[in-house]
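Shown next, in structure tokens, is the structure this report addresses.
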Amino acid sequence: MKAAEFDYERPASLADAVAILAAKGADAKIIAGGQTLVPLMAMRLARPALLVDINRIAELQGISREGAFVAIRACTRQADALAHASVRADAPLLAKALAFVGHGQTRNRGTVGGSLANADPAAEIGLAALALDAEVEARSAKGTRTIALREFFKGAMETAIHPEECLVAVRFPVWPGRVGAGFHEVSVRASDFAFLAVAAQVELDAGGQCRRAALSIGGAAMMPRRIGAAEARLAGTRLEASDIAQAAGLAAAALDGADDAHGSARYRRRVAMVLAERALAEARDEALSR
Amino acid sequence: MSQHEIALTVNGRARRARVPARMSLVDFLRDELRLTGTHVGCEHGVCGACSVLMEGRPVRSCLVFAVQAEGTEIITVEGLAPDAEGLSILQDSFWELHALQCGYCTPGMLIAAHALLARNSAPSEDEIREAIGGNLCRCTGYKQIVDAVSLAARRMRGANRPEDAR
């Protein structure tokens with residue numbers, strides 16, 4: 001249960017980091033908070049020849065409002081994002097999701113970008129990012145590109161980020177107006193990996209009608225997914241209990257994961273329906289209170 | 001495999017060493033510095049026994065490589081006591097309320113609870129349970145641990161609020 005041998009470099013700038021990645025290619029692996037990668041290395045499921053430690057790169061730290069987005073730099077600790085006023089005010093769904101990420105000791109070290117880049121199927125940050133149509137900025141020695149979250153996840157622990165790229169920041173669109181969010185998950189114990197997680201955010205107009213709704217479900221399959229049919233069912237309604245129940249039913253019906261050691265696909269569909277109802281009702285009530 | 005010179009502060013004392021990149025912080029603390037109060041349990045970030053304070057925040061020292069701790073300040077369970085003979089109020093409360101049986105999880109519990117009490121002088125039971133949520137204990141059922149943290153909080157507040165000191 002100890003990591004295999006590896007070489008280690010700690011570049012001081014993003015330019016240096018991507019230069020190392022360009023030279024070493026797939027032999028190199030970025031380490032940020034290490035809360036996903038180090039367990040994989042300890043279990044020898046990951047055996048990188050070189051770790052590129054990006055923890056000391058100033059350009060990768062911090063949270064700022066950039067126009068219609070909240071931008072979170074990749075190496076920002078999850079604990080700092082959770083405590084950040086702008087995250088709570090401008091991306092309420094992310095704030096709620098962050099409270100479910102691991103526990104205090106892993107949030108103190110784990111990063112927002114690291115959670116996204118590792119793409120665990122049960123991870124909460126990616127689930128919230130997908131619901132909110134966030135975008136990821138990736139940088140390589142050749143330049144910078146932006147990846148929409150809908151194009152980001154490619155499978156369990158697989159993303160659109162190339163080996164020679166470094167995830168630099170994730171930008172969450174700020175929803176204006178009367179916005180509310182709900183996040184619910186089921187796990188063996190609080191802070192453990194979710195068997196199923198649901199993220200919802202809604203925006204109401206002045207009259208209380210749903211202007212838009214976002215719903216995503218994680219932990220049920222190899223990657224999180226948006227539930228477009230449920231979102232379409234809710235838009236334009238007053239989010240009555242019957243609207244939410246029908247949308248939750250559509251969400252459960254959309255899941256196509258297989259049985260696994262933690263639960264059957266049927267169990268997960270049932271949990272998805274209940275949690276989607278709770279998350280949507282919580283989001284509605286929160287929006288109505290604004 | 002690369003070797004690295006590191007300099008860091010552990011329990012207030014400056015330390016220098018040469019470590020292989022793959023050495024975890026907990027192995028460095030125990031095997032190189034002989035600070036064996038920090039326990040190594042699962043070695044993959046599940047049990048919390050190896051928790052230490054890094055820059056004042058509790059982290060799992062099995063998920064940090066020693067080379068990454070270069071330049072940081074680390075506090076281990078040995079650093080919580082006021083001196084070599086005495087116990088902190090928190091440690092004393094653990095002793096008094098029998099908040100340990102085998103003792104394997106204790107250093108991690110103490111670090112997690114110490115960090116909680118540093119930022120919240122009057123935690124609720126839920127807040128205590130949340131703070132130790134990343135630490136596994138297989139003996140106590142957690143009840144005495146939660147009680148001990150609560151007692152320590154009352155005693156520590158008692159320094160300023162006499163009504164708590166009973």
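Only Lys, Arg, Asp and Glu count, each charged at its Cβ (+1, +1, -1, -1), so figure out the dipole size of the stretch A:137-290 about its Cα centre, rounded to 20 debye.
Values: 21 positive and 19 negative charges, 48 e Å.
Using only the charged Cβ atoms, the result is roughly 220 debye.
Can you pull the mean other chain C-beta count within 10 Å for peptide A:97-104?
Working: counts 0, 0, 1, 0, 0, 4, 9, 13.
If you average over the peptide's residues, the count of other-chain Cβ atoms is 3.
Rounded to whole Å, give me the distance from the Cα center of the stretch A:97-173 to that of the stretch A:234-282.
Taking the Cα centre of each part, the stretch A:97-173 and the stretch A:234-282 sit 24 Å apart.
Along the positive direction of the dipole of the stretch A:59-115 (beta-carbon charges: Lys, Arg +1; Asp, Glu -1; about the Cα centre), which of A:ALA85, A:CYS75, A:HIS103 reaches farthest?
Checking the options against the dipole of the stretch A:59-115, the answer is A:HIS103.
Working from Cα positions, state the angle (0 to 90°, nearest 10) between the long axis of helix A:241-254 and the longest principal axis of chain A.
It is inclined by approximately 40 degrees.
Label-point separation (nm) for A:SER264 and A:ALA160, each offset 7 Å from Cα along Cα-to-Cβ?
Label-label distance for A:SER264 and A:ALA160, simple model: 3.7 nm.
For chain B, compute Rh as the Kirkwood radius over C-alpha pairs and then the Stokes-Einstein diffusion coefficient at 20 °C and 1.002 mPa s; write the answer in µm²/s, rounded to an integer.
On the way: Rh = 16.3 Å.
For these conditions, the coefficient is 131 µm²/s.
Out of B:CYS105, B:CYS50, B:CYS42, any idea which swings most in a Gaussian network model of chain B, alpha carbons joined below 10 Å?
B:CYS42
Counting Lys and Arg as +1 and Asp and Glu as -1, each charge on the Cβ, what is the dipole of the stretch A:1-139 about the Cα centre in debye, to the nearest 20?
It comes to approximately 400 debye.
Give me the one-decimal nm value for the distance between modelled label points at A:ASP16 and B:TRP95, 7 Å along each residue's Cα-to-Cβ direction.
It works out to 4.7 nm between the two label points.
Once amide H atoms are placed 1.01 Å from N in the peptide plane, what residues at a sequence separation of 5 or more from A:GLY110, or on another chain, have their amide H within under 5 Å of its amide H?
Under 5 Å from the amide H of A:GLY110 lie the amide H atoms of A:GLN78, each far enough along the sequence or on another chain.
Please name whichever of B:GLN91, A:ALA122, A:ALA229 sits farthest to the positive end of the charge dipole of the protein assembly as shown, dipole taken about the Cα centre and charges placed at Cβ: Lys and Arg +1, Asp and Glu -1.
So the residue furthest toward the plus end is A:ALA229.
Can you compute the helix-only [θ] at 222 nm over chain A? Use -39500 (n - 2.57) per DSSP H run of at least 4 residues, normalise by all residues, nearest 500 deg cm²/dmol.
On the way: 11 runs with 100 residues, N = 290.
After summing the helix terms and dividing by the residues of chain A, the value is -10000 deg cm²/dmol.
How big is the convex hull of the Cα atoms of the stretch A:136-275, per residue, in Å³?
Values: hull volume 17.9 nm³, N = 140.
Looking at the stretch A:136-275, the number lands at 128 Å³ per residue.
By how many degrees, between 0 and 90 and to the nearest 10, does the Cα long axis of helix A:265-288 differ from the longest principal axis of chain A?
It works out to around 70 degrees.
Return the long-range amide H neighbours of A:LEU196 (sequence gap of 5 or more, or a different chain), with a cut-off of under 5 Å between placed amide H atoms.
Residues meeting the amide H criterion: A:VAL186.
Report the Cα centroid-to-centroid distance between the stretch A:29-76 and the stretch B:63-117 in angstrom, as an integer.
Taking the Cα centre of each part, the stretch A:29-76 and the stretch B:63-117 sit 28 Å apart.
Give the lysines whose C-alpha is closer than 26 Å to that of A:LYS2, dropping any in the same chain fewer than 8 places away, or say none.
Partners within reach: A:LYS24, A:LYS29.
For the pair A:GLU9/B:ALA7, report the inter-label distance in nm, with labels modelled 7 Å from Cα in the Cβ direction.
2.4
Roughly how tilted is helix B:106-119, in degrees to the nearest 10 and between 0 and 90, from the longest Cα axis of chain B?
Approximately 70 degrees, to the nearest ten.
Can you compute 3J(HN,Hα) from phi for each residue in the stretch A:147-161, using the Karplus curve 6.51 cos²θ - 1.76 cosθ + 1.60 with θ = phi - 60°, rounded to whole Hz and x for Gly and Pro?
Whole-Hz 3J(HN,Hα) from phi for the stretch A:147-161: 10, 6, 4, 5, 9, 7, 7, 10, x, 5, 6, 10, 9, 6, 6.
Within 10 Å of each candidate Cβ there may be at most 11 other Cβ atoms; applying that plus a DSSP loop requirement, which trypsin sites (Lys or Arg not before Pro) in the stretch B:83-146 survive?
Working: sites: B:ARG119, B:ARG129, B:ARG138, B:LYS143; in loops: B:ARG138.
Here the sparse-neighbourhood loop sites are B:ARG138.
Quick one: compute a quarter of the convex hull surface over the Cα atoms of the stretch B:3-80 and quote it in nm². Please report the intermediate quantities before stating the final value.
Numbers: hull surface 17.3 nm².
Approximately 4.3 nm², given one-decimal rounding.
So if I place +1 on the C-beta of Lys and Arg and -1 on the C-beta of Asp and Glu, and nothing else carries charge, what would the dipole magnitude of chain A be about its Cα centre? I want it in debye, nearest 20.
Numbers: 35 positive and 33 negative charges, 47 e Å.
The dipole of chain A has a size of about 220 debye.
Could you state the principal axis extents of the C-alpha atoms in the stretch B:89-159, from the largest down, to the nearest angstrom?
31, 22, 17
Going out from 0 in 5 Å bins, what whole percent of all Cα-Cα distances in chain A drops into each bin?
1, 6, 12, 17, 18, 16, 12, 8, 5, 3, 1, 0, 0
Please report, largest first and rounded to whole Å, the three semi-axes of the ellipsoid equivalent to the stretch A:115-199, where each semi-axis is the square root of five times an eigenvalue of the C-alpha gyration tensor. Walk me through the intermediate numbers first.
Numbers: eigenvalues 122, 66, 15 Å².
Square roots of five times the eigenvalues give 25, 18, 9 Å.
Throughout, read-outs are computed from the coordinates displayed, never taken from laboratory work. Remember, it's a predicted structure, so these values are computed and weren't measured experimentally. With ideal geometry, Cβ positions are generated from the backbone for all residues, glycine too; neighbour counts draw on all protein chains shown.
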